[in-house]
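A quick write-up on the structure given underneath.
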Amino acid sequence: MTHQPAAQIVSPQQLGVREFDHYALVIDARSPHEYAEDHLPGAVNLPVVDDDEYAEVGIRHKSDKHRAYLIGVEYSLRNIADQIRPLISKYTSDDRFLVYCFRGGKRSRLWTDNLRTIGFEVDQLAGGWKRYRQWVRESLVTLPAMFKYEVLAGPTGCGKTRLLTELARQGEQVLDLEELASHRGSLLGRLPGRPQPTQKMFDSLLLSSLRRLDPARRVWIEAESKKIGDRQLPDGLFEAMHRSRVTQISAPMDERVRLWKEDYPHFTEDPAGMVEKLLPLRPLVGGEVIETWRALATQGDVEALFESVMVRHYDPCYARSTRRNYASGKPSRELPLVGLGPEPLAQAARSLAAEHPGADWP
């Protein structure tokens with residue numbers, strides 16, 4: 001196990017620039033559409049051309065490169081002029097900026113030249129976002145395997161995510177994959193009002209989180225499938241998780257139902273909508289179970305519905321997944337929780353945090 005900080009093992013210096021948060025401002029000069037797909041941590045989108053202008057220049061470039069460049073420069077100078085005055089008012093000549101575009105070419109150079117003319121210190125990312133993306137992908141092959149994970153497993157609704165939060169409060173290192181993916185990792189896991197990041201953006205967020213961790217200390221993580229919603233975990237992380245020792249959490253059913261009501265208030269208000277999302281399970285659970293769920297939703301018996309969904313689908317599904325991904329021979333222990341309120345979870349977190357890292361389990 002290396003004792004070198006993760007931020008030094010995988011560093012933006014490998015891209016020829018400083019740590020991203022050492023810059024007063026990181027400017028993404030690409031179009032808004034490109035920025036939305038993925039961007040450097042903390043980057044602000046100050047596009048040289050907007051989406052429509054970018055498309056227009058691209059179309060013209062196919063038939064008349066000279067005309068395309070003229071139009072592109074015209075749009076660029078106008079857009080930079082509109083955006084540069086707020087920068088002048090917010091920053092001083094002592095501030096240093098990082099600028100990038102897709103390949104580190106014309107768009108980032110336009111910003112760089114203008115800012116340097118004004119007197120700012122500016123670094124331009126050679127190779128642009130494309131090189132950054134390659135760095136992210138390569139880093140996610142090697143970096144996840146450098147940590148020692150403690151995996152929290154257990155059926156849905158048993159408080160794993162809340163226990164992670166409590167462990168973080170105790171000063172433990174945690175990696176909350178569901179928070180990064182904006183998804184709770186099941187058929188019902190989509191978060192209202194929070195679309196998932198793109199796969200590329202998820203990768204960037206994951207690498208940024210890993211770089212903040214210390215490989216010399218344990219990392220608590222929740223057991224996950226290969227995919228969280230539509231976002232896929234890198235192979236290196238997925239394999240490292242399944243080589244790790246596991247704490248199997250359990251909780252009373254009434255507590256699990258109560259937690260579900262708190263975590264899924266939209267389904268408490270619209271149980272019929274919840275059942276509609278479960279219809280793809282018909283081949284697994286059978287039509288009779290689906291009709292039972294429909295009846296419970298119609299009656300407004302949310303607690304009975306939630307319990308039935310857990311018992312008839314989630315718990316058996318979890319058991320199969322555990323047998324498949326955490327086979328015998330891997331260290332495992334049981335952690336029954338008497339409740340899922342703040343105090344029982346805090347007590348469990350304190351107990352786990354007090355354990356000496358690497359200590360043998362009884």
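The values are calculated or read from the model by the stated rules, or taken from the named source; none is laboratory data. Just so it is clear, the model here is predicted, and its values are computed rather than measured. When we count neighbours, we look across all protein chains shown, and the Cβ atoms used for this are built from the backbone with ideal geometry, even at glycine.
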Of the residues that sit in the range 144-201 and are in the same structural domain as Leu233 (by TED's automatic domain parsing), charged (D, E, K, R) and in a loop (DSSP other than H, G, I, E, B), which one is surrounded by the fewest Cβ atoms within 10 Å (Cβ to Cβ)? Asp176
Does the range 254-269 hold any residues that are out of contact with any helix residue (DSSP H, G or I) (no Cβ under 6 Å at 6 or more places or on another chain) and either outside any helix (DSSP H, G or I) or surrounded by fewer than 16 Cβ atoms within 10 Å (Cβ to Cβ) (or both), and which are they? Asp254, Glu262, Tyr264, Pro265, His266, Glu269
Which one of these does Leu187 not meet: (1) in contact with a helix residue (DSSP H, G or I) (Cβ under 7 Å, 6 or more places away or on another chain); (2) hydrophobic (A, V, I, L, M, F, W, C); (3) under 30 Å from His313 (Cα atoms); (4) at pLDDT 95 or above? (4)
Quick check, is Arg30 among the charged types (D, E, K, R), at pLDDT 95 or above and either touching a Phe, Trp or Tyr at 6+ places or on another chain (Cβ under 9 Å) or in a helix (DSSP H, G or I) (or both)? yes
The residue from Pro283, Pro252 that alone is touching a residue at least 60 places away in the same chain (Cβ under 8 Å) and either hydroxyl-bearing (Ser, Thr, Tyr) or at negative phi (or both) is Pro252
Show the residue pairs that are 6+ apart or on different chains and have beta-carbon atoms under 6 Å apart, the first residue being within the range 138-162 and of a type in the set (D, E, K, R), the second being part of a loop (DSSP other than H, G, I, E, B) and at pLDDT 95 or above. Lys148/Arg218; Glu150/Arg218
Filtered residues of the range 84-97 (kept if surrounded by 14 or more Cβ atoms within 10 Å (Cβ to Cβ) and assigned to a helix (DSSP H, G or I)): Ile84, Leu87
Consider the range 98-137. How many of its residues are surrounded by fewer than 21 Cβ atoms within 10 Å (Cβ to Cβ), in contact (Cβ under 8 Å) with a residue 24 or more places away in the chain and polar (S, T, N, Q)? 1
Does Leu237 satisfy the condition of being touching a strand residue (DSSP E or B) at 6+ places or on another chain (Cβ under 9 Å), under 28 Å from Arg320 (Cβ atoms) and aliphatic (A, V, I, L, M)? yes
Out of the residues in the range 330-344 meeting the condition of being of a type in the set (A, V, I, L, M) and in contact with a Ser or Thr (Cβ under 8 Å, 6 or more places away or on another chain), tell me which one is surrounded by the fewest Cβ atoms within 10 Å (Cβ to Cβ). Leu335
Just to be sure, is Pro234 modelled with pLDDT of 95 or more and under 26 Å from the mean Cα position of the chain (by Cα)? yes
Scanning for something touching a Ser or Thr at 6+ places or on another chain (Cβ under 7 Å) and surrounded by 15 or more Cβ atoms within 10 Å (Cβ to Cβ), does the range 11-26 turn up at least one residue? no
Which of the residues belonging to the range 319-350 are modelled with pLDDT under 95 and polar (S, T, N, Q)? Ser321, Thr322, Asn325, Ser328, Ser332
Picking from Arg194, Arg169, Arg190, which residue would you name as being touching a residue at least 60 places away in the same chain (Cβ under 8 Å) and of a type in the set (Lys, Arg)? Arg169
